[in-house]
Amino acid sequence: MGNERTTYLTPAEAWALNDLIRHTWTEEGRPVGRGLLLKVFAIVKEFEARRNDPFPPEVLPIALTEDECWAIDFHVRRSYVDPEGYRVGRPLLLKIFGLILEMRNQEDLRTLPLADESIDVESSDVARRMEQWREFLSDESPDNGEQPPERP
């Protein structure tokens, strides 16, 4: 689970993570909270250092592991409103859901069995279906009402 994905946090989201994530949090026995909070601290410090810039950043990037995303999902409630009145929970969770789904999809793709390269394209069934498709695609009249050949 070492793969990371990057998302962008607003100052309110970074502060929310600081407020809600505990440094002692573990995910299936693995320490997660402290590493996640170190990342959050760096972002908060950067926002604070650049607060008086002519154009302070509206968002900053953070790279999160799947374990860190699950920790955020556990701790942040959709209805969370920070002390300054910003609704932070829902937008932050939507970002995290996207990262988790991306990571899970990548993992699922990695575990898919590769197509058997020994498929005989000349076998009678494959050849018959290919010929049906060729006939269908070469038909000059697209409105002939025919459907493509069905798979057996």
On the basis of being part of a loop (DSSP other than H, G, I, E, B) and not β-branched (Val, Ile, Thr), does residue 22 make the cut? yes
Sort through 90, 104 and tell me the only one that's modelled with pLDDT of 70 or more and under 18 Å from residue 12 (Cβ atoms). 90
Within segment 44-52, does at least one residue satisfy the condition of being farther than 24 Å from residue 97 by Cβ, of a type in the set (A, V, I, L, M, F, W, C) and not in a loop (DSSP other than H, G, I, E, B)? yes
If you check 66, 46, which single one turns out to be under 13 Å from residue 9 (Cβ atoms) and in contact with a strand residue (DSSP E or B) (Cβ under 9 Å, 6 or more places away or on another chain)? 46
Matching residues, segment 54-82, being touching a helix residue (DSSP H, G or I) at 6+ places or on another chain (Cβ under 6 Å), surrounded by fewer than 17 Cβ atoms within 10 Å (Cβ to Cβ) and part of a helix (DSSP H, G or I): 73
For segment 27-34, check the following and say yes or no: at least one residue is modelled with pLDDT of 95 or more and farther than 30 Å from residue 111 by Cα. no
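The values are calculated or read from the model by the stated rules, or taken from the named source; none is laboratory data. Since this is a predicted model, take the numbers as computed values, not measurements. Don't worry about glycine lacking a Cβ; one is built from the backbone with ideal geometry, like all the others, and counts go over all protein chains shown.
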